[in-house]
Amino acid sequence: MSHFYKFTSRLAPLLVNDIDTDQIIPARFLKATDKSGMGDHLFADWRYQSDGRPNPTFSLNQEAYRGAEILLAGDNFGCGSSREHAAWALKAYGFRAIISTSFADIFKNNALKNGLLPIQVSAHVYRFLNEAVERNPRFEVHIDLDEQRISFGEGSSEIFPIDPFSKYCLLHGVDELGYLMKFQEQIENFEATH
Amino acid sequence: MINIRAEVKQEKSNQANSMTNPRTIIDKVWDSHVVVQEPDCPAVLYIDLHLIHEVTSPQAFEGIRKRGLKVRRPDKTVATMDHSIPTLDPSLPIADAQAAQQIAQLEKNAAEFGVRLYGMRSPNRGIVHVIGPELGLTQPGMTIVCGDSHTSTHGAFGALAFGIGTSEVEHVLATQCLLQRKPKTCEVRIDGRLSPGVTAKDIILALLAKIGVGGGTGHVFEYTGSAIRALSMEERMTICNMSIEGGARAGIIAPDDHTFEYLVGREFAPKGDDWDASVQRWKALATDEGARYDKSISLDASALQPMITFGTNPGMGIPITSRVPDPNKVGDSSQKLALEKALRYMGLQPGESLLGKQIDVVFIGSCTNSRLSDLRTAARLMKGWKVAPNVRMLVVPGSQQVKRQAEAEGLHTIFKEAGAEWRESGCSMCIAMNGDQLSPGQYAVSTSNRNFEGRQGKGGRTFLASPLTAVAAAVTGVITDVRALLED
Ligand code: SF4
């Protein structure tokens, strides 16, 4: 997993509440048995017209947002199905972080395990960022995971929450399964009496 | 060990009640499964039952294969295939090459790692959340996970059961454990008696309409109250199943005599003395008098009407006699936008009544409402009626066992004579991965759990409702208040 410290990026806005994982990656793309190619299917039903051509009104298809590494999305992002394909698709498309006012639990877990940072901001900051990208699509924010800080505009910033373990894993490239495997003996002892 | 910096700003989740304080059932199941808890780290939580299906497991098996690991406890791992399988003649080869490949992959993985598989030819296969309880694999006090959000279904038995991602599936395969933070607890108290025509599905749709799709985030729901106690196990499963639609990690119901009566004699349920000892243990799981929850919600079952959704998430539901809400009357601007977007997709007008709205498809199935009692209820109402000429109706049993039992009771004849299609078990049109799907623009009344855009087929439009409301729509061809048919 790529290590993850600080970066600056433009925002791609998708200002819809309750974006479910069926929108992030529709179920018909879940028949793959590997993780490759998911980026092409990200938001497929919103992103492409029925003839397969890009839908020009969809924000990710607009020139101004090309290359943005942060998705700015409405409240309760990633609700619904547990499919980790949603996190794989966002990552494969090129996103490194999602900013929202809240995230669904399973999606948040899946994102963190794939080096995709869920950044929870206050409603106030969310509105500010909304208006800022609307005025200027090249508007940038700076993310510092170590400080848990998102900075933007003229010296404004906010601290975002992340559980300490996930943060440590992201910063140090710790593999969670590796961490779990260290408890073999405790697991065996537990099993002996459980 | 891990050195976590002190300046970390982190909402501390509620500390566990100590062992001597009154505890909720959620605390009890949690506490008894913590293997290790290092400071500032998630708990290493032991998993008693790991259910597997073909869609979310291939990358996880590949992960352990690459690391040269084995499945730690194949005896606690059970696989089936349900999502992408056809529900037509099972003896025919699977037409969709990718689906066929996914199924072949699961067969290969199960054989290679020694995992029990209820495969295409097994008489016990079915939707993973239907067969777990049916086989007696699901038991009170267990921790149960599956790479599937509707794992919450198994909570009806007093198990702590929740959906996980594929990375976590890999963790459980390798270690039989998961890294988890303790969830917050929320009591959902439902008292009162249901009126005729109102079902468990209406309870959960009403709850979701009240709290929204994010209302339970970070919490496990414990359903309590007289209305819950009165429900059968299959009805309780319908409720717990859709806990995830409120954003809750899980839903749980303390076991009681209904639970024990359901479980006794099932293939994997404890037998003999072991059974008696287990029941004693299970009885102690109930939430202690005076235990505190982080949050509580209540609902009066006696005030409920049949519910139906009008929008594009399961929280967008109304009593069937109510009108579609008006976005202009919603104060919050992002909620207003969401509502406008949903109504546009659904082709509905603010203030419109759904009653009398013409529909194209009726789907009875899914892990929410495809068990024997659902089919019995639907068939009883269906008897003597015909499916309306404008409607295609699919009845898809939740498992092969359910299918056989339904056929033994002649339910399939009622459906078929009415003009419905009677299928093999599977997820089918709940997720539309297997070709059972809506065409763009079609309206369906569906007993499944998700009305997200395109969930039942690209461009398809879903009204979620109970099996009774689904039958009422099928036979009249329009959205109908089932209570009008029950009076006849
Ligand atoms: S029936 Fe639907 S919700 Fe249930 S497991 Fe299958 S796809 Fe998921």
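In terms of its alpha-carbon gyration tensor, chain A comes out oblate; a/c meets the 1.5 threshold, while b/c is at least as large as a/b. The shape of segment B:114-238 comes out oblate: with a ≥ b ≥ c from the C-alpha gyration tensor, a/c is at least 1.5 while a/b does not beat b/c.
What does the C-alpha gyration tensor say about the overall shape of segment B:408-481? Classify as rounded when a/c is under 1.5, otherwise prolate if a/b is larger than b/c, or oblate. It comes out oblate by the Cα gyration axes. Bridging of B:Lys383 to lysines at a Cα separation below 21 Å is possible for B:Lys403, B:Lys416, once same-chain residues fewer than 8 apart are set aside. Charge dipole (Cα centre; +1 on Lys/Arg Cβ, -1 on Asp/Glu Cβ; no other charges) of chain B amounts to roughly 620 debye. Highest mean first, the peptides B:236-243, B:350-357, B:176-183 sorted by other C-beta atoms within 10 Å per residue fall in the order B:236-243, B:176-183, B:350-357. Based on C-alpha pairs under 8 angstrom that are at least 6 apart in sequence, chain A has a relative contact order of 25 percent. Pairs of C-alpha atoms in segment B:331-426 farther apart than 19 Å represent 52 percent of all such pairs. Among the residues of A:96-109, the average count of other protein chain beta-carbon atoms within 10 Å of the residue beta-carbon is 4. For the residues of A:175-187, the average number of beta carbons from a partner chain within 10 Å of their own beta carbon is 6.
Placing unit charges on each Cβ (+1 for Lys and Arg, -1 for Asp and Glu) gives the protein assembly as shown a dipole about its Cα centre, and among B:Val402, A:Pro26, B:Ala227 the Cα reaching farthest toward its positive end belongs to A:Pro26.
Using a probe of 1.4 Å on the protein chains alone, the accessible area found for B:Ile414 is around 40 Å². The charge dipole of segment B:58-174, taken about the Cα centre with unit charges on the Cβ atoms of Lys, Arg (+1) and Asp, Glu (-1), comes to about 480 debye, rounded to the nearest 20.
If you average the alpha carbon positions of segment A:1-68 and of segment A:110-125, how far apart do those two centres end up, in angstrom? After rounding, the separation between the Cα centres reads 16 Å.
Based on the alpha-carbon gyration tensor of segment A:122-175, what equivalent-ellipsoid semi-axes (square roots of 5 times the eigenvalues) come out, in whole Å, largest first?
The answer is 26, 11, 9 Å, longest axis first.
Average accessible surface for segment B:297-419: 41 Å² per residue, computed with a 1.4 Å probe over protein heavy atoms with every protein chain in place. For segment B:326-398 versus segment A:146-173, the spacing of their alpha-carbon centroids is 43 Å. Per residue of chain B, the DSSP helices (runs of n ≥ 4 H) give a summed -39500 (n - 2.57) that works out to -9000 deg cm²/dmol at 222 nm.
Dividing the convex hull volume of the alpha-carbon atoms in segment B:249-363 by its residue count gives 212 Å³ per residue.
Chains A and B: how much accessible area gets covered up at their contact, both sides added, probe 1.4 Å, in Å² to the nearest hundred?
Accessible area lost upon association: around 5600 Å².
As a fraction of the 1.4 Å probe accessible area of segment B:169-240, surface on carbon and sulfur atoms comes out at 51 percent.
Charge dipole (Cα centre; +1 on Lys/Arg Cβ, -1 on Asp/Glu Cβ; no other charges) of segment B:396-473 amounts to roughly 240 debye. Hey, could you grab the Kirkwood Rh for the protein assembly as shown? Inverse mean 1/r over distinct alpha carbon pairs, Å, one decimal. One over the average 1/r among Cα pairs gives 25.4 Å for the protein assembly as shown. Segment B:45-198 has equivalent-ellipsoid semi-axes of 28, 22, 13 Å, by the square roots of 5 times the alpha carbon gyration tensor eigenvalues, sorted largest first. Of all DSSP beta bridges confined to chain A, the antiparallel ones make up roughly 50%.
Helix B:333-346 and the longest principal axis of the Cα set of chain B meet at an angle near 50°.
The values are calculated or read from the model by the stated rules, or taken from the named source; none is laboratory data. Remember, it's a predicted structure, so these values are computed and weren't measured experimentally. Quick reminder, even Gly has a Cβ in these numbers, built from the backbone with ideal geometry, and neighbours come from all protein chains shown. Heavy atoms of the whole protein, side chains included, go into the accessibility calculation; ligands, DNA and RNA do not. Shrake-Rupley method; radii C 1.70, N 1.55, O 1.52, S 1.80 Å.
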